[in-house]
Structures are given as structure tokens and as C-alpha cells.
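See structure below.
The values are calculated or read from the model by the stated rules, or taken from the named source; none is laboratory data. What you see is a predicted model, and the numbers here were worked out from it, not measured in a lab. With ideal geometry, Cβ positions are generated from the backbone for all residues, glycine too; neighbour counts draw on all protein chains shown.
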Amino acid sequence: MISKSTMLNSKDNNHVNIDLSIFLPALFLISIGIVMISSSSLSWAQYKFNEPLFWIKRHTFYVLLSLTLMFFSFHTPVRVWRKYSFPLLMFCIVLLGIVLLPGIGIERNGSQRWINVFGFTLQVSEWIKLSFIAFVAHYLADNRVILLSDPKPLIPIFLIFFLISFLLILEPDFGSFVLLGFTLISILFISGIKLRYFLILSLLAIISFWLLAESSPYRLSRITSYLDPWSQRFSSGYQLTQALIAFGRGEWFGVGLGQSVQKMLYLPEAHTDFVFAIFAEEFGFFGVLILVGTYCFLIFRILSLSWFYLNKKDYFSGFFLLGVGTLFAGQTFINLGVNSGLLPTKGLTLPFLSYGGNSLLVSCIMLGMVLRLASDMRESKEVGK
Amino acid sequence: MAANKAKRTSAPGWRYILLSLVLVSLPISIIVKVAYLQILPNHEFGVDFLKHQGEIRSVRNIEIPAPRGAILDRYGKPLAISTPVIDIVGNPQKIKSADYRRLSKALNISEKELQDRLTLYKEKSFIYLARHLSDADAEAILDLEVEGLYRETQYKRYYPAGEVTAQLIGITDYQDAGQEGLELAFNAWLKGERGTRKVVQDVKSRVINNLSLVKPSKPGNDLELSIDLRIQYAAYTELKKAVKQHKAQGGSIVILDVLTGEILAMANQPSFNPNNRESLNQMALRNRAITDLIEPGSTVKPFTMLAALESGQYQLESLIDTSPGYLKVEYKTFVDPVNYGELDLRGVLSKSSQVGTTKIALNLDAHEMRDVFSRVGFGEYLGSGFPGESMGMLPSYRDWHPVTQATFAFGYGLSASPLQLARAYGVLANNGLKKDIKLLLDEGETNVSRVFSSDLSKTVNNMLESVVSESGTGKNAMIPHYRVAGKTATLHKVKAGGGYDENKYVSAFAGFSPASNPRVVTVVIIDEPSEGKYFGGLVAAPIFSKVTERALQLLRISPDKQSSSWVNHENLEEQGKSS
């Protein structure tokens, strides 16, 4: 490990200092993910493929691959990401366009989000999160001083954001769009642009959100059915009511690991977007508190790291960490909100926990970068002493 | 300006705090929402509501099938048993038309037939697609994973003795309830009580978890019959052979145990295979031995003799002049086949003389004669509990016409089932004691009543024994090594429009053996023998002989007749020992 890291980082050596307060919570979440996917996918896999271990095998593979990629991103200096963020983003945008091409993009459950690359299904909307945050951090760090008085440099960011949004909504992947918008607004807010610009942008975002929602009956029905799922429990509200029943069955301490009834085909595909509902059924409110607490702690650690870098005037690192923190926070919130009926149904995974190889890979690469920055911070503190 | 700018380049703390507040509100809102779903009571769509909704969807009370009790013979040999089988049921609303081809192939019916059935019942949510399958066959169909198919455990009735006991045991209907025979009569005793258990099911109605036993299932009780299956087999085999040989319409054999009043065998022809009802003939369902009435004819003559002896007007040695072989009573003439001349009572009985019987009967008090018939159980309910049991008819008149009285004396104008006839002969066999008929084992105390003096009975039995002799009409009923007492009968069948059919007969024989110490009563009835022979002594008596001999052997009854060959054999043995 040490020799490898010194080889990879001939200039910035000694980067083996892993911040356990970030790594262990993430590892805990990944472990729960393996357990919950095992528990929730068995019946469904048996029903669909007559092979109960179908998703467990795949998920285990993705976990191993993700940890490997986390290792590499941990050993990649941050300036490399900064340097290549724009080409990386352009590459992802091109792929996002390719997803939409008929015959190439793979459609599932009414959304065209995937392309097949050597047998591996690539979900570009997950990868674009990483490249977009890196690009925004890089761009704002470069133009920060100008932006404080002049909003003009914001125009390219918005052009790119609108292009990405347009492509995402065509898929459709409304959830990723909302998530990217939320992350962008958070970074802009912290970047220090004038409040009136910020308010105008926020207003624009809210208006366009509503226009989008109104424009599609499919989205509208999802939004309305979540408000009163029980009136449509046999049609559009089916999945949500089944998820809510899972929560209700859980009560304080849950029905016990593996004892969920709702995963027995009542709640279809529980291992992807509704793994939290099954978790809540099997571990109860007590388990939910521990899980939410773990996410809060992890995100708090990332944001406090961001705070450190911003104060150190390393704006790229600061904005990037802020973006990753708010992205995790937003995505976790949306997934848990959807599961518990607080938010309309969206196809967003739960970071580190859900099945879905792309989400896990991207989350782990980001985490590798966060760990790298945490390690850098410790070193600079030691140097400072 | 420079200072200001320098201040603004550092991270704006209040914005960071504001963003943090926004972010903190997210998990809090989640926790509050989840708390409503999981732990806070009395919320409209809260935990109680959700748990209830979950139970509505997944908790079911399902039935536990209970097997029907077995029907056994006196030695515990099974006559009717229940074996678990699988029914495949389908929900026509859930079976997709794309699956029709696969499903019809597995069910071994044409695709069109399946489609027609599913269309016909498309409003229903439950139809039987295949019934009474073995576990392996059922799983082969369920393995297709066709939507809307389920399995149900049922019990199929199986009758090991098949047609041999078919009418006696009866059959059950498609819901495992008694439909005919003892299955119907003792349905309440035999039927199992289905239990209920509470389970959790998945969407496919498969049981995931047993919650509790609501009501345990109770298997039905076994029914032990007095029937001896070995004797039943012998009786049935001989009956079937005879019915075929004489091209008869049908027939019955009843065998009683004299000591206990138990029915040892009750066989009928025509019969059916209760295990395969596709070719079920309604006529074959009747347990003729209990349900069908015949006019007993000459078989009642011993009871007429009893009445004569009891009246004191006649003794065994009393001579009756039957010449010239016919006797005109009012408008009717009674004829003997030949002029028998003077006959004593034994002769009247063994020749079965109409003239002699008529002369005796007309000297007797009609009411007293009827009373004798009544005492041996004619016209009296049997109490077997068997469905469709016939009481028979024993008419009573204020004024008896001489013709009515005379015909009554030789068994016309009254009717009885073969079982009633057997019971009446049982009274003779028991030397005047009447015992209740029993079809079940261990039915408790046998009801015994004396209806005749032992001496009178013995006298009549002695007369009956001479019927079954080389010179009597019943000589074909003789059994090697055993003495037999009995009586033949050849009856005209009643025509559909009234009156008697001159060409249609019923051949009968009733008797018991060993005559010195009777153990079994056997009644043989052959309906419409049409292969030339029709006399009871020629058709029914040989069957009696074979069946009764077999029964005596099976019961290990000691022989009471020393036939010459038997003595010789024993002598030879003794010689062998001594030499």
C-alpha cells in the first residue's frame, strides 16, 4: 500500500493518511447495502430470473470494483481532476446525447438512461454528476473574483446546465435534474455572488420546475399520487402504499433482518430505489435513526472539510467538497423522502446503499477524492504546525 | 475598498450557516415523517393504519384439509380410504392469454377447450383446472410459473375392494361428502373437520410464514364394519359368475353371522367401479340387498309351518292329502307339478307343495299366521341406518279372503328385502331367538328376544334340512361335510302394469348351516335368469352351496356331517399312523 502510493504520487508522497471518520461511515453504509440488497432482492430475483443470487452476485462485484476505483481516486492528485474537468464534462455530455439515440440507449421502466458498454450498462446521468461538480468548482474558482461584481461569467455555466437539463429531461431523469440544480444553486450561493442574482436564479429555477411538472401528465400524476397514495393504491400509488406499509410494519425495532413481508413481491424491485423502506421494515425506527444519523455525520464531515478549504482559499477544493456534500445530502434526502411519501416518486438511488452499479461507482470515486482532500488537509495542518 | 474586497474574498460565514440550516432541515423532516409512519399512534395514515393495510394484503386464514375417516372390514382391511391429492385451481381473471398454449399442453387439453372454459368463467376468480393429481404431476404444471395458478390439497377417496363392495360402501361427491351408501349414511361420523390457520402470504399466494393455528383440523372417524372382506369377495365372485352364466338382470347375496346378528357379506350385481366413475351406471348404485323388495315366495313356507305347529292343529306327522294335485279356492286354482298324494308336513315343505300349503293355511287363523310373519321381522324396519332401506310390506286385513290367505302362506302379497329374509331365517337358525341385524362392529349389546319356542323352531329346522337332501328341491344347496337347512323359491316377477309376468322369474334360496349348530345364514337372490334354468333349486341353490361352504371354511367352523369319503380319509390316516 505504502510503496504503491509513493509510486503513484511521486511528488505528493505520504498520502496514506485515511480519515476514518469519513471512511468508516461510508464503509458501514456499503455494508448495510450488501446486507439489505441480499435481503430484499432474493424473492424478486427468484421470481424474475429463477436465480435468487442474481443481484447479490452483481452487487458484490460492483462493491469490489467501487472500492478499487475509490483506491485509485484517492491516489489521484486533486489538480488532475481540476485540469481535466472540462473535457471530462464534454465527454459525458456527448454520452448523455448518445443515450437518447434510439437503438443505442437502453430503456427501462419508461426511461432511457443507459448505454451498453462491453456488457456493462453505463448510466451517464450518474457520471455527469461527478464531472459537472468538478467543472463548476473549477470554473467558479477561476472566475470567483469577477463574479463578485459581474454575473456575466455565469452565462457559460447556465448554458451547460440547461443543455444537461434538457438531455436529462428527455430521458426522462427528473430526479437527477433536480439534484444537479440543487447542487449548483448551493455552490453558487456559497461562492458569494450577489444575493439579487441568486434570488433571480432561484426564482427562474422554481418557475422552470413547475413548467416541467405541468407539461407532462406522467410527472403530474406522480406528483399528485404521492400526496394521497391511498386513493390510487391499485394504480399509480401502488408502489408507494406498499413502501408505506413496510414502514408501518417496522414500528420501533423492526420485524428483524430477512423477515420483511413487503419484499415478497409486494414491493417490486425493492433493492434499487426502495431499499430504505425494506430497511425500515426490518430494523424499525431505531434502525432508521442510526442510518439517517450515519448519513448526517458523513455529510457533516464532508462539509466541514469544505469549510476548511474555503477558509484556506483553496476554492476549487472547497467548492468541490461542497458540491459532493450537497449532492449526497440532496440525493439521500430525495430517496428517503420518496420512500416515506414525503416527496413524489423519482428514480433516484440511495448513495452507497441501493443496488445500481453506476451510482455506487460514482459515489465511491467521489468519496476517494474526499478522502484525498481530507488527507491533504491533515498534512497541511501538520506542516502548519 | 481594498479592505472590503479582502473581507468578501473570505468565505461568507452566514451563507454557510444558512445552507447548513437548510441541509439540517432535510434529515429532520425525514425523521418526523418516518416517525409518523412507524411509531406515533393515532395518526390518520399512521402505523396502525399501515399495519392493518399490510395485514389485509398479506395475512390470510387458510383452510387445513382434514382426511375423511376410513371404512374398514371387521379385521381392519380398508374398504374406503382417503389419500391426499392436489387440485390445480386457476383464476380466470389472472391467467394471461399468452399462457394458454403452454398451460393447455400441460393440462393435456386442447387450447380451444381451455380458452372456452376460461372465457365462460371469466367473471369468476376460481375454477378447477385439474383435479386429483399426484404431487409430482401438480408440481410439473405449477413449475410453468403461469400467472393465476394455485394448488389445493384435497383428499381423494379410494376403494381398494372396488366393485366387490361398491353399493355397500357407496361413493362420495366431488366435495368429499357422502353421496351414496354408507358414505352417505355415516357422513357425519366419517367426515373430517377442516381447520384454519393464519398465515402470511406473498403476492403469489404462497405461504411465507405461519402465524397461528386458528382451529386445528380434525380427521374423520374410521368406520368399522362387521363385513368380512374375504367372505364378501367369495360371495361377490360367485354372484357375478352366476349372473353372467344365467344371463340374469342382477342379484344379491346376504350372509349373516347367526351368533351375533352381524352382516358378514352383502354383495350385489350389477356393480360398478367406484374408483372410476366415468362409466357409472345408475342402476348399479343400488344396494339391492337392502333397498329392493321381492315377494319372498316359497321361502316363507317354513314360517307357515311354524304357524301350523304353533296353532296345535298340526304335528310333524300330520298327513295332508294333496291329490289330485290341484285345489280350487274360490276363483283361483293352485297346482302342484305332479300329484304328490298324501304328504306329512316335512313332505309338503321339501316338495314345496302348493296344494298342501294352501290346505294348511286355510285351516289356520289368518291373524295368527300374519303374526308369525310379523314376529320374524317381515314388514319391520331393519335399523341398519343404510340409505334407502326398505321396510317391506306385510299387509293386514280385517277380513282375509281365502285366496289372499292362501297366497300369503306361500309368500305372495307381502314383500321383503333380501336382508329381511336373512333376518327371518336367522330366527330359525337361533331356535326362535330374534337378534338385531348389525352392520357395524362393536355396536354394543345385541338386542335378543324370543319369538318362538325352541322346540317348534327345531322341528321346522329339521324339516328344512330334508329340503336340502337328495330327494328335496334344494339338493343343489348341499355342502360337503356340512349339514344344511334351507328353502328354495321360484317367483314370478310382478309386471309393470300389475299382475304377474309368466316368463320372468326370480330364483331364490335362503338357508343356514351347519344345521346341527347354525353359524351362518345365507340368502341368494337371482333376478330374471334367462338362460333356460330358472328354478330356485337349480339357479340359486348351487350358489348358496359354494358361498356358504366358503364362509364356513373361512370362519373355521367344524364340519357336522360325516361323509363317507371324509371318514375313509381319516381311517386311512389312522391306519398310516398305526402301521
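Worth a mention:
- The set of residues from the stretch A:255-281 being on the phi > 0 side of the Ramachandran plot and within 20 Å of the chain's Cα centre (by Cα) comprises just one member, A:Glu269.
- Pairs meeting the criteria (first residue in the stretch A:287-314 and more than 9 Å from chain B (Cβ to nearest Cβ), second residue among the polar types (S, T, N, Q) and surrounded by fewer than 19 Cβ atoms within 10 Å (Cβ to Cβ), beta carbons under 6 Å, at least 6 apart or on different chains) are A:Arg301/A:Ser21.
- The strands (runs of 3 or more DSSP E) found entirely in the stretch B:418-525 that carry 3 or more residues being without any contact (Cβ under 8 Å) to a residue 12 or more places away in the chain are B:500-513.
- First in the stretch A:269-280 and touching a residue at least 12 places away in the same chain (Cβ under 8 Å) and in the same structural domain as A:Leu291 (by TED's automatic domain parsing), second anywhere and part of a loop (DSSP other than H, G, I, E, B) and of a type in the set (Lys, Arg), Cβ under 6 Å, 6 or more apart: A:Ala270/A:Lys263; A:Ile278/A:Lys263
- A:Gly368 vs. criteria at pLDDT below 90, of a type in the set (Gly, Ala, Ser) and touching a helix residue (DSSP H, G or I) at 6+ places or on another chain (Cβ under 9 Å): no
- Among the residues of this structure, A:Thr326 counts as one that is surrounded by 23 or more Cβ atoms within 10 Å (Cβ to Cβ) and within 12 Å of chain B (Cβ to nearest Cβ).
- Residue list for the stretch A:265-286, restricted to those being within 10 Å of chain B (Cβ to nearest Cβ) and touching a helix residue (DSSP H, G or I) at 6+ places or on another chain (Cβ under 7 Å): A:Leu265, A:Tyr266, A:Leu267, A:Pro268, A:Phe276, A:Ala277, A:Ala280, A:Glu281, A:Gly284, A:Phe285
- Residue pairs meeting the criteria (Cβ under 6 Å; at least 6 apart or on separate chains; first more than 16 Å from A:Asn358 (Cβ to Cβ) and part of a helix (DSSP H, G or I), in the stretch A:43-63; second modelled with pLDDT under 85 and aromatic (Phe, Trp, Tyr)): A:Ala45/A:Phe54; A:Ala45/A:Trp55
- The residue pairs whose first member lies in the stretch B:546-563 and is closer than 15 Å to B:Glu465 by Cβ, whose second member is outside any helix (DSSP H, G or I) and among the charged types (D, E, K, R), and whose beta carbons are closer than 6 Å, counting only pairs six or more residues apart or on different chains, are B:Asp560/B:Arg483; B:Lys561/B:Arg483.
- In the stretch B:102-150, the qualifying residues are those that are assigned to a loop (DSSP other than H, G, I, E, B) and of a type in the set (A, V, I, L, M), and the one that is nearest to the chain's Cα centre (by Cα) is B:Ile109.
- Filtered residue count, the stretch A:143-156, keeping only those that are closer than 12 Å to A:Tyr197 by Cβ and away from chain B (no Cβ under 14 Å): 5
- Selection over the stretch B:178-204 of residues that are over 39 Å from the mean Cα position of the chain (by Cα) and either exposed (fewer than 14 other Cβ atoms within 10 Å of the Cβ) or basic (Lys, Arg) (or both) gives a count of 1.
- Residues in the stretch A:326-385 that are of a type in the set (D, E, K, R) and touching a His at 6+ places or on another chain (Cβ under 8 Å) were compared, and the one that is nearest to A:Glu269 (Cα to Cα) is A:Arg372.
- Scanning the stretch A:327-354 for residues that are closer than 20 Å to A:Leu298 by Cα and assigned to a loop (DSSP other than H, G, I, E, B) turns up A:Leu348, A:Thr349, A:Leu350, A:Pro351, A:Phe352, A:Leu353, A:Ser354.
- Of all the listed residues (B:Glu123, B:Glu193, B:Glu145, B:Glu183), the sole one being charged (D, E, K, R) and either under 30 Å from B:Ala234 (Cβ atoms) or in contact with a Leu (Cβ under 7 Å, 6 or more places away or on another chain) (or both) is B:Glu183.
- A residue that is assigned to a helix (DSSP H, G or I), at the interface with chain A (Cβ under 10 Å from one of its Cβ atoms) and either within 49 Å of the chain's Cα centre (by Cα) or surrounded by fewer than 17 Cβ atoms within 10 Å (Cβ to Cβ) (or both) occurs nowhere in the stretch B:87-97.
- If you filter the stretch B:120-154 down to residues that are among the polar types (S, T, N, Q) and touching a residue at least 60 places away in the same chain (Cβ under 8 Å), you find that the one that is farthest from B:Lys96 (Cα to Cα) is B:Gln154.
- Here A:Leu348 meets each of (1) facing chain B (nearest Cβ under 10 Å); (2) crowded, with 24+ Cβ neighbours inside 10 Å; (3) not small (Gly, Ala, Ser) with one exception, condition (1).
- In the stretch B:526-564, the residues that are in a loop (DSSP other than H, G, I, E, B) and on the phi < 0 side of the Ramachandran plot: B:Pro529, B:Ser530, B:Tyr534, B:Phe535, B:Leu555, B:Ile557, B:Ser558, B:Pro559, B:Asp560, B:Lys561, B:Gln562, B:Ser563
- A:Tyr266 assigned to a loop (DSSP other than H, G, I, E, B) and aromatic (Phe, Trp, Tyr): yes
- Taking the stretch A:329-338 as the range and being closer than 13 Å to A:Leu179 by Cβ and at the interface with chain B (Cβ under 10 Å from one of its Cβ atoms) as the test, the residues that pass are A:Ala329, A:Gly330, A:Thr332, A:Phe333, A:Ile334, A:Asn335, A:Gly337.
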